[in-house]
1. Hey, with R₀ at 25 Å, roughly what FRET efficiency would His85 and Asp39 work out to, going by the Cβ-Cβ distance, to 0.05?
2. Taking the Cα-to-Cβ direction at Asp47 and at Glu20 and moving 7 Å from each Cα, how far apart do the two end points lie in nm?
3. Which one, Gln149, Gln138, Gln11, has the greatest fluctuation when you compute a Gaussian network model over the chain with C-alpha springs under 10 angstrom?
4. Pick out which of Asn123, Asn14, Asn145 has the largest mean-square fluctuation in a Gaussian network model of the chain, springs linking Cα atoms closer than 10 Å.
5. Rounded to the nearest 20 Debye, what is the dipole magnitude of segment 70-195 about its Cα centre when Lys and Arg each give +1 and Asp and Glu each give -1 at the C-beta?
6. Residue by residue, what Karplus-based ³J(HN,Hα) values in Hz, rounded to whole numbers, does segment 97-113 have, using 6.51, -1.76 and 1.60 with θ = phi - 60° and x for Gly and Pro?
7. Using Cα springs under 10 Å in a Gaussian network model of the chain, which residue among Asp15, Asp117, Asp72 shows the largest mean-square fluctuation?
8. Roughly how many whole Å is it from the C-alpha centroid of segment 141-162 to that of segment 1-63?
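Every number in this text was worked out from the coordinates using simple rules, so none of it is lab data. Remember, it's a predicted structure, so these values are computed and weren't measured experimentally. With ideal geometry, Cβ positions are generated from the backbone for all residues, glycine too; neighbour counts draw on all protein chains shown.
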Amino acid sequence: MSIRQLAKKAQELNDTYLNELIWREFYMMILAHNPQVVDAAFKPAYDQIPWRHDEADFEKWCQGQTGYPIVDAGMRELNATGYMHNRVRMIVASFLTKHLLIDWRWGEAYFAKKLLDFELSSNNGGWQWAAGTGTDAQPYFRVFNPSAQADKFDKEGAYIKKWVPEYGTSKYPKPMVEHKFARERAIQTYKEALG
Ligand SMILES: Cc1cc2nc3c(=O)[nH]c(=O)nc-3n(C[C@H](O)[C@H](O)[C@H](O)COP(=O)(O)OP(=O)(O)OC[C@H]3O[C@@H](n4cnc5c(N)ncnc54)[C@H](O)[C@@H]3O)c2cc1C
């Protein structure tokens, strides 16, 4: 079905669905008018952030071994199926860019390799949104708390149980970085880089 047919149906039926379609169009428009976002931050000042190019930490994130169950569930779902729900995409992307201070382009490239619905403009827009380098008006000091996100969006723990069956046993890794420390490090690093 064409996007126009879908938008018309959405207007009749469901505002939330219409909003999601608007996000899709928005990021396509951003990419078309700002092709430099493929390689660079939409907000150029954010290219000054000194990312930690830590390959071992990146690998833990890729494999779903961070010790944060909602992050690990998302990454394991992605690796197994090529899909991840939008909320979890936001959580894992925030974790990589803020908690681990790893370049959003590494995460973007990993998603591009794994996602069956990979699409350059939405992927790039989603990653720059999470890293705070993009079109979003929110200040960079929004750092998702993965545990609070899990409590809110996976209340019964069903999603975590499905993808991280060893959670709660001695086989599950300890958090690779402490939340409070990581949050403060991210905010401080962004603050210094942006001057
Ligand atoms: C870090 C990150 C990376 C992403 N990478 C991609 C990607 O490579 N390809 C991709 O298609 N989407 C991407 N998205 C957007 C979104 O996660 C997916 O479109 C959505 O999860 C698809 O699920 P669905 O088909 O059930 O869509 P629904 O939730 O049913 O929404 C219907 C349609 O609306 C559009 N849509 C919904 N949410 C968004 C959104 N946040 N941004 C843009 N369009 C949206 C999509 O075309 C989607 O198929 C990304 C989001 C984030 C945060």
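1. Plugging the Cβ-Cβ distance into 1/(1 + (r/R0)^6) gives 0.35.
2. A separation of 3.4 nm, rounded to one decimal place.
3. Among Gln149, Gln138, Gln11, the largest GNM mean-square fluctuation belongs to Gln11.
4. Maximum fluctuation in the GNM of the chain, among the listed residues, is at Asn14.
5. 220
6. 7, 9, 5, 9, 6, 9, 3, 4, 5, 5, x, 4, 5, 5, 4, 4, 6
7. Residue with maximal mean-square fluctuation among Asp15, Asp117, Asp72: Asp15.
8. 22
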